[in-house]
Amino acid sequence: MPPDTDSPLLLRRDGALARIVFNRPRQLNAIDVATAEAFEQACATLATDPGLRVVVVQGEGRGFGAGGDLRAFGDDAPATALALIEPMHRGLLHLSRLDAPVIASLQGSVSGGSLSLALGCDLAIAADDLRLNLAYAQVAASCDVGGSWHLPRLVGLRRAMEIALLGPSLDAATALSWGLVNQVVPAAELAQATTALAQRLAQGPTAAYGRLKRLLRAAHDHDLPTQLDLERDGFHQSTRTADFREALQAFRERRAPRFQGR
């Protein structure tokens, strides 16, 4: 996807780093049908990219995203809802299956489906001007884009109920203390801090990251014996990789490993 500034969503590539950029800043990056379809296309492209080692999801302008664009709903709201939600869900599934870590870079307002998407990323770094609001109840709707799956796993059921039913607006410090983001930085430093984190991950063992991500995401759904079997199989598979061999060699030579992501 070329970096056309008129596009509602951009896919930018810098070496092993890919950026999915919501590009409707005048609408606070609200998601309309065209944006949802472009998101699915971008995620499908990344799903087939063997050189990918890290993904950043971000929004242009003063806010990461205002969720679904309510102005997109006309006389046939049910049809519009499906046209928005289904491509977003397919895109989210593509991201969830990547070995490459996915980082949400968040600033300003993050609400509705945009917040659900951020919760579905592997890591989240936020500016200190962050304001989170799940917001679905305010428009008499329930969650989409994985919000109901990820939120209780991040904060627990009771706190998830508070966020969903009471709709508090959460600042950056609260988001950090509740486990909704991993790091908070001054707004002026968000881009630099995001890139530094992405570059660190891009130099890591990407295939191993993928196995770790799948184990952690599956842990709530398995009993201990099943999870132990999965851990055994994953570690056994890891020993067959070039990165594992490099790690052993680096250990013997007392140097830092140089991972290739394989």
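One residue stands out among those in the stretch 33-64 that are more than 13 Å from ALA104 (Cα to Cα) and β-branched (Val, Ile, Thr): the one that is farthest from the chain's Cα centre (by Cα), which is VAL33. In the stretch 134-149, the qualifying residues are those that are of a type in the set (A, V, I, L, M, F, W, C) and not in a loop (DSSP other than H, G, I, E, B), and the one that is nearest to the chain's Cα centre (by Cα) is TRP149.
Table: residues versus (1) crowded, with 16+ Cβ neighbours inside 10 Å; (2) under 30 Å from SER142 (Cβ atoms); (3) among the small types (Gly, Ala, Ser); (4) in contact (Cβ under 8 Å) with a residue 60 or more places away in the chain.
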| site | (1), (2), (3), (4) |
| --- | --- |
| LEU9 | yes, yes, no, no |
| ASP14 | no, no, no, no |
| PHE22 | yes, yes, no, yes |
| LEU28 | yes, yes, no, yes |
| PRO50 | no, no, no, no |
| GLY67 | yes, yes, yes, yes |
| ALA77 | no, yes, yes, no |
| GLU86 | no, yes, no, no |
| GLY91 | yes, yes, yes, no |
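Whether any residue in the stretch 118-133 is in a helix (DSSP H, G or I), touching a Leu at 6+ places or on another chain (Cβ under 7 Å), in contact (Cβ under 8 Å) with a residue 60 or more places away in the chain and buried (at least 18 other Cβ atoms within 10 Å of the Cβ) is what I want to check. There is at least one residue in the stretch 118-133 that is in a helix (DSSP H, G or I), touching a Leu at 6+ places or on another chain (Cβ under 7 Å), in contact (Cβ under 8 Å) with a residue 60 or more places away in the chain and buried (at least 18 other Cβ atoms within 10 Å of the Cβ). In the stretch 215-234, the residues that are touching a residue at least 12 places away in the same chain (Cβ under 8 Å) reach residues that are among the basic types (Lys, Arg) with C-beta atoms within less than 7 angstrom, at least six apart or across chains, in these pairs: HIS220/ARG153; GLY234/ARG211.
Residues of the stretch 134-157 being at positive phi and either surrounded by 15 or more Cβ atoms within 10 Å (Cβ to Cβ) or among the charged types (D, E, K, R) (or both), which ones? If the condition is that a residue be at positive phi and either surrounded by 15 or more Cβ atoms within 10 Å (Cβ to Cβ) or among the charged types (D, E, K, R) (or both), then ALA135, VAL145, GLY146 are the ones that fit.
No other residue among SER114, SER105 is at pLDDT 95 or above, part of a helix (DSSP H, G or I), under 23 Å from GLY61 (Cα atoms) and hydroxyl-bearing (Ser, Thr, Tyr) apart from SER114. The set of residues from the stretch 93-110 being of a type in the set (Ser, Thr, Tyr) and either surrounded by 19 or more Cβ atoms within 10 Å (Cβ to Cβ) or more than 17 Å from the chain's Cα centre (by Cα) (or both) comprises SER105, SER109. Residue pairs whose Cβ atoms lie under 8 Å apart, separated by 6 or more positions or on different chains, with the first residue in the stretch 152-164 and over 17 Å from ASN182 (Cβ atoms) and the second assigned to a helix (DSSP H, G or I) and of a type in the set (D, E, K, R), do not occur. Would it be correct to say that ARG71 is over 25 Å from LEU165 (Cα atoms), out of contact with any Ser or Thr (no Cβ under 8 Å at 6 or more places or on another chain) and among the basic types (Lys, Arg)? The answer is no for ARG71. Name the residues in the stretch 178-195 that are farther than 13 Å from ALA124 by Cα and either in a helix (DSSP H, G or I) or touching a strand residue (DSSP E or B) at 6+ places or on another chain (Cβ under 6 Å) (or both), would you? Correct list: ALA187, ALA188, GLU189, GLN192.
The values are calculated or read from the model by the stated rules, or taken from the named source; none is laboratory data. Model, not experiment: these values are computed from the prediction. Cβ atoms come from the backbone with ideal geometry, glycine included; neighbour counts cover every protein chain shown.
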